[in-house]
Structures are given as structure tokens and as C-alpha cells.
Amino acid sequence: MGQDQTKQQIAKGLQLYQSNQTEKALQVWTKVLEKSSDLVGRFRVLGCLVTAHSEMGRYKEMLKFAVVQIDTARELEDADFLLESYLNLARSNEKLCEFHKTISYCKTCLGLPGTRAATQLGGQVSLSMGNAFLGLSLFQKALESFEKALRYAHNNDDTMLECRVCCSLGSFYAQVKDYEKALFFPCKAAELVNDYGKGWSLKYRAMSQYHMAVAYRLLGHLGSAMECCEESMKIALQHGDRPLQALCLLCFADIHRSRGDLELSQLKLHCLSESIYRSRGLQRELRAHVVRFHECVEETELYCGLCGESIGEKNSRLQALPCSHIFHLRCLQNNGTRSCPNCHRSSMKPGFV
């Protein structure tokens, strides 16, 4: 496969990937690796594979392709390619929570002799280093790296990088418990998406909405938190972004926990997990969550013990008995018994209904 054909196949894979046909895109790119003799083309397709596996949460595969890309960059003997490949290696280790390795590879990037890519990628290197320092709870160093990345973004009019840095700053301030700033920076990221992000991937909108949800929850604005988290989850499901799906599930659970409805948080988790496994065709996991979903429903008694219909799915008048069992009012009126239909305790006083 020559240079021109390699370019065509990489472009074909990108079109498939952008239309959410991820597996087909991966097949196209894998064939390029197997058949292409063009080193530059191989380097580019390895970058595509690194990004795709990152967004799917397949971090070990991401690392594997990043290592191969390093070897390809060395064959090319080009400092720009070497910088880009070391950055991908740093990101891969960041995703795998190998933060010390991330910092080491970032320092390698910064220590490379002057390259054309340094201006473009320097901010991304600083961002990855800041995320690693944050993962190690080295807050001062993390903030210094984020501020450096923000300066790169402003000096180069890189709004996409600025958006990512703002989201990381949201996480930073959430951890140091400055919740107003934890909300301010994701809101700034959301503004950037609205103003400049028409050609961006929807992942940037999803990312900003998730960080806003976290901040709103910490501030006690649970309605806004739920709205943002649902928007983020919708995009994550649409694009198969499994890491973000997992973060949204945890955020949903935290929101319900903040409300005090612990049983509902479990129910929400199992319901959303069911939709994820169903979309991916993972039948064994799907069956397990369907069973657990129905067990949760039974445990929380979210149905009328007389008619069997779910409670809370539509507007209905309900009646709680002194024994705490809940029924539709109409069902109790039609039942005619003076004891609870569930526990049979004689708890229904005359005229109680």
C-alpha cells in the first residue's frame, strides 16, 4: 500500500469514526498497519488508533499502539513525530493512573530540542502533566501546570485546549473544596463549546456538562446537577464513550445519595447499566443487571401491591398506610379490606382511606 492509498484509507477510517461506526474504522486502520509501507502514514494511523482506544476506555490497547508509534517515530528520525509519540505515551500512562510515568514522559517531551510541534503540543504536555500531579494530590504543581497550559492556549488561540484545561481546573477546585470555582471553570468550558465548538467532537460538550454536574452537586444544586449529568450521559452513550459513561453513573449515584434516596441510586445505576450492556450486545452482563434492576424494584416496593402497576411512572393519587406500605388510593377503595393487603396487619382504621 503506497502513500496515496494510505492517506485515502486513513481518511476513510476517520469518516467512519466520526459517524460512530467505530469498529469499522478500527478495521480500516488495522489493515493500513498491516499493508502500508509508508512510515509517515503508519505513524498517523497509529495516532488515530491511540485516540480511538482512549475514547473507548481501552487503555492497555492505547498504550500498546503508543509504544509502536514511538518506534515508528524513531525510524523516521523526526523530532516532531517523536514529541507527538511521547505525548501519546504520557497520556496512555495517565489513563492507566501511572502518574509518575506520565510526568517522566512529559518531562521528556519538554526536554526535546526545539521542534515545530512544540508550540502546538506544549500546552497539551502541560495539561497531561497537571492531570498527573492532580492524581498524585500534588496540588501546587498541578495548578502551575494547568496555568502554563492555559497560557499556551491563550497565546495560540487554541480554544479546544482551553476547554480541556477548564475542565481539569474544575476537577482541581472540586478536590480542594472551592466549589464556586469548581463550577466556574466547567461553565467557561461550556461557553467555549457553544461559541466555537461547531466543528468539534461532541465529547467536549459532554465533558463540560459532566464537570458542571459534579460542581452543581457539591454546591447542593441537585436539579441542575441531574440535568447536566443526563446531557453528558446521552452524548456518552451516543458515542460509545465508556469512561465517561462510568463517571456519569457514579455522578448519578452521588446525586441520589445527596438527596437521601439510596435505593433509587442503585436502581438508576442498574437501569443505566442495562442500557449500556444492551447497546453493546453483552448478554450475560445485561441479564445480570436486568435481574438486579427488578430485585431493586421489589426491595424498594416501587409498585402497587394490589394492581401490580409501577408507582411513580405517572401522576396517581397514592395512600400510605400506618405500616408504611403504599398503594394506589383507588385500589384500596376498591379492595374493601380493613387490613393491609401486603402484611395483613389490621392497621386500616375506619375512615382511614
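The values are calculated or read from the model by the stated rules, or taken from the named source; none is laboratory data. Here the structure is a predicted model, which is why all the values come from computation and not from measurement. Neighbour counts are summed over all protein chains in view; Cβ atoms, including those assigned to glycine, are modelled from backbone coordinates with ideal geometry. Remember, those area values only see protein heavy atoms, side chains included, never the ligands or the DNA or RNA. Shrake-Rupley method; radii C 1.70, N 1.55, O 1.52, S 1.80 Å.
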Among (1) under 29 Å from residue 101 (Cβ atoms); (2) among the polar types (S, T, N, Q); (3) open to solvent by 50 Å² or more (accessible area, probe 1.4 Å), the one test that residue 194 misses: (1)
Extreme residue, most open to solvent (accessible area, probe 1.4 Å), among residues of region 50-79 that are closer than 20 Å to residue 97 by Cβ and polar (S, T, N, Q): 51
Pairs, first in the same structural domain as residue 187 (by the TED database) in region 222-242, second modelled with pLDDT of 95 or more and open to solvent by less than 30 Å² (accessible area, probe 1.4 Å), C-beta under 7 Å, six or more apart: 225/213; 228/209; 228/212; 228/213; 229/213; 231/209; 232/209; 232/213
Members of region 197-208 found to be open to solvent by 40 Å² or more (accessible area, probe 1.4 Å) and part of a helix (DSSP H, G or I), listed by number: 198, 199, 203, 205, 207
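Restricting attention to region 110-147, report how many residues are under 19 Å from residue 189 (Cβ atoms) and either surrounded by fewer than 18 Cβ atoms within 10 Å (Cβ to Cβ) or among the polar types (S, T, N, Q) (or both). Lay out the reasoning, then the answer.
Kept after step one, since they are under 19 Å from residue 189 (Cβ atoms), are these residues of region 110-147: 123-124, 126-128, 130-131, 134, 142-143, 145-147.
From the residues that got through so far, the ones that are either surrounded by fewer than 18 Cβ atoms within 10 Å (Cβ to Cβ) or among the polar types (S, T, N, Q) (or both) too are 124, 126, 128, 131, 143, 145, 147.
Of the residues in region 110-147, 7 are under 19 Å from residue 189 (Cβ atoms) and either surrounded by fewer than 18 Cβ atoms within 10 Å (Cβ to Cβ) or among the polar types (S, T, N, Q) (or both).
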Where residue 255 falls short, out of the listed (1) surrounded by fewer than 16 Cβ atoms within 10 Å (Cβ to Cβ); (2) at pLDDT 85 or above: (1)
Breaking point among (1) in contact (Cβ under 8 Å) with a residue 40 or more places away in the chain; (2) open to solvent by 30 Å² or more (accessible area, probe 1.4 Å); (3) touching a Phe, Trp or Tyr at 6+ places or on another chain (Cβ under 7 Å), for residue 166: (2)
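Within the group 181, 188, 234, which residue is of a type outside the set (S, T, N, Q), part of a helix (DSSP H, G or I) and more than 26 Å from residue 133 (Cβ to Cβ)? I'd like the intermediate steps shown before the answer.
Values: 181 fails: more than 26 Å from residue 133 (Cβ to Cβ); 188 fails: more than 26 Å from residue 133 (Cβ to Cβ).
Among 181, 188, 234, only 234 is of a type outside the set (S, T, N, Q), part of a helix (DSSP H, G or I) and more than 26 Å from residue 133 (Cβ to Cβ).
Which is modelled with pLDDT under 85 and either surrounded by fewer than 21 Cβ atoms within 10 Å (Cβ to Cβ) or not assigned by the TED database to the domain that holds residue 201 (or both), of 41, 13, 47, 2?
Details: 41 fails: modelled with pLDDT under 85; 13 fails: modelled with pLDDT under 85; 47 fails: modelled with pLDDT under 85.
Result: 2 is the single residue among 41, 13, 47, 2 that is modelled with pLDDT under 85 and either surrounded by fewer than 21 Cβ atoms within 10 Å (Cβ to Cβ) or not assigned by the TED database to the domain that holds residue 201 (or both).
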